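Working notes, beginning with the structure itself.
The values are calculated or read from the model by the stated rules, or taken from the named source; none is laboratory data. No experiment lies behind these values; they were computed from the predicted model shown. Methodologically, a virtual Cβ is constructed for each residue, glycine included, from the backbone with ideal geometry; neighbour enumeration extends over all protein chains shown. Each accessible area value is taken on the protein alone, full model and side chains, heavy atoms only, with ligands, DNA and RNA left out. Shrake-Rupley method; radii C 1.70, N 1.55, O 1.52, S 1.80 Å.
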Amino acid sequence: MSMITASEVGSLAAGAAILGSGGGGQVDILLSALRPRLDQLAVRVEPTTGTSRTFVSVTFLGSTTVLGEKPPGGFELPEAVEAVERWTGENAEAVVPAQIGGMTVLGALLLADATGLPLLDADMVGRATPRLDQLSIFARRKVPLTAAIVTSSGLSMVIDATSPVELESTLRGAVARSGGWAAFALGPLPLDALRADLVDGSITRAVEVGKAIAEQDTLEAAAAVLGGRVAARGRIVEVERHDDPVSFVHGTAALIDAKTGAVARLEMGSEYLYLTVDGSPSASVPDIISVVNARTRAPLSADQLRTGNDVDVLALPSAPLWRSDPAFLSRSDPRFYGVSADAIMPTRP
Amino acid sequence: MTARLEELLALPGLREARLITGDPDTTVERVLGRAGTPRAISPMLFEGPATALVLMDPVNRFDTEFDILLRRASQAHVVTIAFASPAAVEVGPGTTALANRFRIALLAVPEPWEASVQLHDQIAASEAPVVQLITRAAAAALDAGPHLAETLQRLETALGYPLSLLDAAGYTLEGDATLDDSARAVLTASAAGGLPVQLATAAGTWLVAAPVGTGIGPRAWLATSVPRSLAAEAAGISGALQTAGVAVGHRLALARLADERDARSRTSLLDELRAAGSPTPPELAQRAIRAGLRLDAWHIGLRIIPRGPADPIAMRRDIQSAFESQGLNIRSVEEETGWVAWLSYETEPAVTDVRSTSAAVRRTQAQLRSRIPASIGVGSVQAGALGLVRSLGEAADAARLAINRPEAGYFVHIDTLGLAQLLLAWTQTDTFLPAARELLAPLDRTGGELLTTLGHYLDSGASIAETAAILDVHRNTVANRLAQVQRLLGVDLTDPETRLALHLATRTLR
């Protein structure tokens, strides 16, 4: 993948939505924002081994629901990047979406298009994540933590933090009190030092996922092409959500397969975290658990799930990086999300 | 030892448990109590016999952890999981569906610890429930006062089962239990032994009954029903009922003593009235008034003679209440066999009143039939103390007649009898009836003709012409038939004494 043009945007968005694992925000909002520019859209996608020396990582923080109600004006991400560049005195040479899952990648695409910077074919999660401190680059080494946010109400903040956890909690508090969501930029960061800690090939993967879902005859075939499987299907009979300030887990949902009678249960936070079928563990983070409308294959986010939905549950393997080092796995296994279970090793179909 | 879930749920200690899903027929063989979260408990389950798993800690969320527990439980052959959960937490349809898929019954209990102890006691066949129930029965009996009703009520509360007091034949004296004929037969047969009885009933329960001895009068039974598969519970209840039986017997004996004392005073008062003649001595009249008798009124006497063994003192209340239920406020006094009773009126009752009273007495008799089959005689309306004695005398005569009158429903009311009929009725005794039958037997064999002719001949004052007119036959025919009668019976119809005997005999058989 060397270029994203109008013809790839649809697949990229669809793939990102699947990789969002039920979180990451709705891609449609930014897809609408892209539409007027589609004709001229031509964003370079560079491999991580390319010529860029520095990159800036971007995403959106806060409530994706509020983001739907107060859509971005388009200035927030460029202003956040400008803010970190001004503060550090360095220029970013490429853009990396902090997470591939959900709407972030389209934000990064808009930013790249507006600034003329290339996108790196990478992200820092391989799916969607609720917390900044979970990004892969923080797992193994100390990273310069200069970040900026521009909230939906126009407030800009530049912050030099000492730890990712502090960065996360401070920004989370600020966003909650100013507008509900914010554009976030981190960097510029040296690519050479962090190359091994990035999830490589994420943009390509998203397009691949989007294409497979759209083009294969059956969802099973699409899952097989992507190295995953359809782990459960059926009608949702039970959805229970509760506020839980301590842990990530906010709800549980059960579905019953009318054909086999199998009862599957999803534990969910802002993403789908853990899947059991008939009480037997079937899939877990860091792998991707995606719930799609059984008829349209449109992904259903964790907050959209309702009793009566007829769904297929897709399990796709995580980015290999997460299982390559215990330091990575400990930031992405179910325990990190408050589900007291080990990560389930993927079973290939 | 095994027990069905449905029956376990009927235990007093588990009545508040709620079966959320699952088959009430599920059989449980052992009980396993486990503390901790579902996650912590899951790895502690190993395969065994059909198990009831009791979660000691409340379940706050029915989520993946509980699903995993269900799976592990089904592999370990757990057939039911009992748990408590906060009021706001509901078991969702997903959890229910999975439990059904694994055939695990879910049981919401208010107190897991208590539930565990109850289940364990029932299934482990320990002596603990027996001892516990007996102790409870003894404590309740000690606390209760001298009254039977209070004693029974305390025992019910202590044991957690509704109790019934049955008479020796298995009829209900107190409580709701109604026994079928076969159960009553068993109780009647076991009444002499003094041992408790445990019977399987058609309703799928054990009928547990313990004899209640008073030392005087017939035995009674203290009974209740216990779910069929709960052997330990049934044994415990049996022991508890035996213990309770002593206390109940004591109360019954107290009540009986009081009844007998009252009966004696009633009987002696009536005897004195009978002996006193007219006028009633003032001292006796005063005692009668103190006893609540109205002497200066109009009376109708009744005599009730049971047609089987009956205890006049014990059954007086039944008689009294049966009459009361028909609107008859009788005074009754126990006799050697049966009772005398009377109704008193301020003013002389009208003929219609007497008739409706008579009808009400018959209804009462019918109502009592299944328990106390009796012959009843009713006297005529008489005034004053002397009248009462006279009416009672008539009633006694009528009752004696009634004994031999099944066709009249063992009921004779003097008012409906002419004096002559009464006289005739006296011929219907055990000795005269067979004699009459014997006397006229030869005529039976020739058809009814001869007997009819003889009857009309005697009724018409030995007139052949009159008889022929009545029968619409020629008088020679009548003469011929009478000749046959004389030949067959070997009698002479011209003899007045023979005619009298034959006349009585034809009347008796008619």
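Here are some notes:
- Ordering A:K211, A:K259 by accessible surface, largest first, gives A:K259, A:K211; the 1.4 Å probe counts only protein heavy atoms, with every chain in place.
- The mean sequence separation of alpha-carbon pairs under 8 Å and at least six residues apart, normalised by the residue count of chain B, gives a relative contact order of 9 percent.
- A Förster radius of 41 Å combined with the Cβ-Cβ distance from B:T21 to A:R195 puts the calculated FRET efficiency at roughly 0.15.
- B:E336-B:T188 FRET efficiency (beta carbon distance; Förster radius 22 Å; 0.05 resolution): 0.35
- Inter-centroid distance (Cα atoms) of the stretch B:496-510 relative to the stretch B:432-470, Å: 9 Å
- Euclidean distance between Cα centres, the stretch A:36-62 to the stretch B:253-278, Å: 116 Å
- Over the stretch B:200-265: Kirkwood hydrodynamic radius from C-alpha pairwise inverse distances, Å: 13.1 Å
- Residues in the stretch A:72-109 that a label on A:S156 would reach, taking backbone N under 16 Å of a point 7 Å out along Cα→Cβ: A:73-92
- Counting DSSP beta bridges with both ends in chain B, the antiparallel % (nearest 5): 70 percent
- Distance from the stretch A:179-207 to the stretch A:274-289 (C-alpha centre basis), Å: 27 Å
- The ratio of the alpha-carbon radius of gyration of the stretch B:29-121 to the globular-protein estimate 2.2 N^0.38 Å is 0.96.
- Overall form of the stretch B:124-176 per C-alpha gyration tensor (a/c, 1.5; a/b vs b/c): oblate
- For the protein assembly as shown, taking the reciprocal of the average inverse distance between every pair of different Cα atoms yields a Kirkwood hydrodynamic radius of 36.6 Å.
- These residues, B:H474, B:H120, B:H503, go from largest to smallest accessible area, 1.4 Å probe, as B:H474, B:H120, B:H503.
- Projecting the alpha carbon convex hull of chain A along each direction and taking the average yields 16.0 nm².
- Computed over the stretch A:1-146, relative contact order equals 34 percent, with contacts defined as Cα pairs under 8 Å that lie 6+ residues apart.
- Helix A:104-115 axis versus longest C-alpha principal axis of chain A: approximately 30°, rounded to the nearest ten.
- For chain B, the mean projected area of the C-alpha convex hull, equal to one quarter of the hull surface, is 37.3 nm².
- Cα shape, the stretch A:216-349, gyration tensor, a/c 1.5 rule: oblate
- Label zone at A:R241 (point 7 Å along Cα-to-Cβ), backbone N below 12 Å, the stretch A:304-319: A:304-307
- Among the protein heavy atoms, those of B:S190 account for about 30 Å² of accessible surface (1.4 Å probe, every chain in place).
- Cα-only Debye scattering, the stretch B:433-510: base-10 log of I(q)/I(0) at q = 0.19 Å⁻¹: -0.73
- Amide N proximity, the stretch B:279-308 versus B:N329 label position 7 Å along Cα-to-Cβ, cut-off under 19 Å: B:288-302
- Surface accessible to a 1.4 Å probe, B:R475 within the full protein complex, Å²: 150 Å²
- Degrees, to the nearest 10: B:496-509 long Cα axis against longest axis of chain B: 20 degrees
- Volume in Å³ per residue [convex hull over Cα atoms, computed for the stretch B:467-510]: 82 Å³
- Once the chain from B:D181 to B:H503 is taken as fully extended at 0.36 nm per residue, the excess over their C-alpha distance is 111.2 nm.
- Efficiency of FRET between A:R86 and B:A88 - r from beta-carbon atoms, R0 56 angstrom, step 0.05: 0.60
- Per residue, in Å², the accessible surface of the protein assembly as shown once ligands and nucleic acids are set aside, probe 1.4 Å: 44 Å²
- In the stretch A:110-202, Cα pairs under 8 Å separated by at least six residues give a relative contact order of 38 percent.
- Compared with the dominant principal axis of the Cα atoms in chain B, helix B:64-75 is inclined by about 70°.
- Here is how the number arises for the protein assembly as shown: DSSP H runs of 4 or more residues each give -39500 (n - 2.57), the sum is divided by the residue count, and the result at 222 nm is -13000 deg cm²/dmol.
- Modelled label positions at A:R306 and A:D257, each set 7 Å beyond Cα in the direction of Cβ, lie 2.6 nm from each other.
- If you wrap the stretch B:147-260 in the convex hull of its Cα atoms and look at it from every side, the mean projected area works out to 6.5 nm².
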